[in-house]
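Asker: After the structure tokens below, expect a handful of questions from me.
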Protein chains: 2
Amino acid sequence: MDCVGFIGLGLMGRPMALNLVKKGFPLTVYNRSRAPVEALVAAGAAEAGSPADAAARSDVVITIVPDAPDVRAVLEGPRGVFATIRPGSVIVDMSTIAPAAARDLAAAAASRGAAMLDAPVSGGEIGAINGTLSIMVGGDAEALERVRPVLAAVGDPDRIVHIGPPGAGQLCKACNQVCIGGALASVAEAFAIARKAGIDPAKVREALLGGFAASRVLEVHGERILKGNYAPGFKTRLYHKDLGIVGQTIHDLQVPAPVAALVQQYVGALMAAGRGDEDYSALAKAVFEAAGLE
Amino acid sequence: MDCVGFIGLGLMGRPMALNLVKKGFPLTVYNRSRAPVEALVAAGAAEAGSPADAAARSDVVITIVPDAPDVRAVLEGPRGVFATIRPGSVIVDMSTIAPAAARDLAAAAASRGAAMLDAPVSGGEIGAINGTLSIMVGGDAEALERVRPVLAAVGDPDRIVHIGPPGAGQLCKACNQVCIGGALASVAEAFAIARKAGIDPAKVREALLGGFAASRVLEVHGERILKGNYAPGFKTRLYHKDLGIVGQTIHDLQVPAPVAALVQQYVGALMAAGRGDEDYSALAKAVFEAAGLE
């Protein structure tokens, strides 16, 4: 069984690392702040003093941190993964970063004889806890086969999809955020229409879940919105960061994507309103307020 | 068992009427053109010479026609349902029309001692064939209980939802079309992003179906789009009509709903391009072409 290094014990990383321990992988964890490390050590993981230390003890190194500068720091920093990575190792970055950054880092890893996969996830904290994440993989197909058992410990084995070359996983994640955003904004608008007409949006949700409008967003976020429960979940500031990647991607690729652009504006407004630490389904509050509701 | 009159044997009405016959309801059908009537008569339905004739023989009258003027013609026309409707009967209009029109017609029916429900559906032709439609009902709750066994023959019994007073079913349907539109447009934009980046959108769909972006639109229309199969299904011209109702509704209610408005513009462009008779998932073609694809 591969020794696994795990860097980044945030809302997503913590339950993912825990699942790796539970499935019996010898795990070495590193995190900037110590509190989440202790929980993992209590569960049976070893603690690394630095990303370099974690990499030195591992065949497979997983990183899941907020953004590209964090990934770069963890890999390229003075005590980073690249300092100790062994040829033949595989680095799996499960953060959500720009496709171009993922391509650059994969090339940097390759120059050290290591493979690097971009493998962002979807499914949220619930998916991370239940080990049912969807994983979108860019990079070398053989490297993916090598680490597939590791990924299957944190994700749904049937939803580990090889999308294409380095960066393709991140590109797919950008597509994922576009689809979620379009669904979320339209659910919010539909609920605003219902409320303004004096109709119970809960009944609208119930009826719509039976038809073509059915979606996980309507099911899960629809319920959050009805309850006004905007505790994260997935923070608005992270979704804002992801939509920055989407905005740059559609610009660079020259794809007119007005719904995606609109969602980006909505989420920018949420940030401006100081809602960065609320769940991103708080987009509905912005829609409601624009309609003079609440 | 209630005698049922059924007016409007289109893409949706035909399989719905057939399910009523199969479930044993004594059915009298009327349709403007004769071809679909023959199929129903062969299955055991009686034929009416006019909407008035159908109503004279029925306790419950279902109408499902393209738009409000058609519903008005069928109900208020010279040989219309209102000419013969008996007090205590229930009219169930399953067309998609404006909430205000539904309210007006319900009042007109009430003045003749008949109840009228607005009960538009979601689930498409497949749902109509399988008898699993979602039905959103506006109007008197007792009248709904009275006709529930009839509706359960064409829809999923667990998805017959009483939304509220007259017009509420249509309001809910408008919400449904908003949610579908936001999902459809964003899936189309995501596929355009993938294609422009040289990535297989089929893999994107596969990965996304496992996460929070999962939706019936991604599943069903996503596959149509991948195959370039724009045979209806649900015609663009009908969706265009529905989005006219949405546009009027958000205007009247003063709900800023920019995603809904954007979807309306997309579908207007489809109509302008002569695609009214294609399935409304052809929205993806407009998105692809704007990105210089195909």
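The values are calculated or read from the model by the stated rules, or taken from the named source; none is laboratory data. If you're wondering where the values come from, they're calculated on a predicted model, not measured in any experiment. Methodologically, a virtual Cβ is constructed for each residue, glycine included, from the backbone with ideal geometry; neighbour enumeration extends over all protein chains shown.
Asker: Pick from segment A:78-105 the residues that are surrounded by fewer than 24 Cβ atoms within 10 Å (Cβ to Cβ) and in contact with a Pro (Cβ under 7 Å, 6 or more places away or on another chain): which of them is farthest from A:Pro166 (Cα to Cα)?
Answerer: Among those residues, the one meeting the criterion is A:Arg79.
Asker: Now a separate question. Look through B:Gly198, B:Gly210, B:Gly274 and report the one residue that is closer than 30 Å to A:Gly169 by Cβ and surrounded by fewer than 21 Cβ atoms within 10 Å (Cβ to Cβ). Outline the logic, then answer.
Answerer: Values: B:Gly210 fails: surrounded by fewer than 21 Cβ atoms within 10 Å (Cβ to Cβ); B:Gly274 fails: closer than 30 Å to A:Gly169 by Cβ.
Residue meeting the stated conditions: B:Gly198.
Asker: OK, next. Would you mind finding the one in B:Ile245, B:Ile193, B:Ile225, B:Ile180 that is aliphatic (A, V, I, L, M), part of a helix (DSSP H, G or I), under 22 Å from the mean Cα position of the chain (by Cα) and facing chain A (nearest Cβ under 7 Å)?
Answerer: B:Ile180
Asker: A follow-up question, please. Taking the condition on the phi < 0 side of the Ramachandran plot and at the interface with chain B (Cβ under 9 Å from one of its Cβ atoms), does A:Gly198 pass? Can you show your working first?
Answerer: Details: on the phi < 0 side of the Ramachandran plot: no; at the interface with chain B (Cβ under 9 Å from one of its Cβ atoms): yes.
No.
Asker: Same structure again: Residues of segment A:156-177 being more than 7 Å from chain B (Cβ to nearest Cβ) and among the small types (Gly, Ala, Ser), which ones?
Answerer: A:Gly167, A:Gly169
Asker: Right, something else. Give the residue, chosen from A:Ala152, A:Ala185, A:Ala194, that is in contact with a Cys (Cβ under 8 Å, 6 or more places away or on another chain) and more than 23 Å from A:Asp104 (Cα to Cα). Break it down stepwise before answering.
Answerer: Working: A:Ala152 fails: in contact with a Cys (Cβ under 8 Å, 6 or more places away or on another chain); A:Ala185 fails: in contact with a Cys (Cβ under 8 Å, 6 or more places away or on another chain).
Just one listed residue meets the conditions, A:Ala194.
Asker: Okay, next question. Would you mind listing the helices (runs of 4 or more DSSP H) fully within segment B:5-64 where at least 2 residues are buried (at least 24 other Cβ atoms within 10 Å of the Cβ), at pLDDT 95 or above and aliphatic (A, V, I, L, M)?
Answerer: Output list reads B:13-22, B:51-56.
Asker: Looking at segment B:54-74, can you tell me whether even one residue there is within 14 Å of chain A (Cβ to nearest Cβ) and not charged (D, E, K, R)?
Answerer: Initial filter on segment B:54-74 (within 14 Å of chain A (Cβ to nearest Cβ)): none.
No, because not a single residue in segment B:54-74 is within 14 Å of chain A (Cβ to nearest Cβ) and not charged (D, E, K, R).
Asker: Separate question: Considering only residues that are touching a residue at least 40 places away in the same chain (Cβ under 8 Å), assigned to a helix (DSSP H, G or I) and not basic (Lys, Arg), look in segment B:265-285 and name the one that is nearest to A:Val178 (Cα to Cα). Explain how you work it out, then say what you get.
Answerer: From segment B:265-285, those touching a residue at least 40 places away in the same chain (Cβ under 8 Å) are B:266-267, B:275-285; that's our starting set.
Of the ones still in play, those that are also assigned to a helix (DSSP H, G or I) are B:266-267, B:280-285.
From the residues that got through so far, the ones that are not basic (Lys, Arg) too are B:266-267, B:280-284.
Details: B:Tyr266: 17, B:Val267: 19, B:Tyr280: 20, B:Ser281: 17, B:Ala282: 19, B:Leu283: 16, B:Ala284: 14 Å.
Among those residues, the one meeting the criterion is B:Ala284.
Asker: Here is a check on your reading of the model: is A:Ile163 crowded, with 23+ Cβ neighbours inside 10 Å, on the phi < 0 side of the Ramachandran plot, touching a Lys or Arg at 6+ places or on another chain (Cβ under 9 Å) and not in a loop (DSSP other than H, G, I, E, B)?
Answerer: On the way: crowded, with 23+ Cβ neighbours inside 10 Å: yes; on the phi < 0 side of the Ramachandran plot: yes; touching a Lys or Arg at 6+ places or on another chain (Cβ under 9 Å): yes; not in a loop (DSSP other than H, G, I, E, B): yes.
Spelling it out, A:Ile163 is indeed crowded, with 23+ Cβ neighbours inside 10 Å, on the phi < 0 side of the Ramachandran plot, touching a Lys or Arg at 6+ places or on another chain (Cβ under 9 Å) and not in a loop (DSSP other than H, G, I, E, B).
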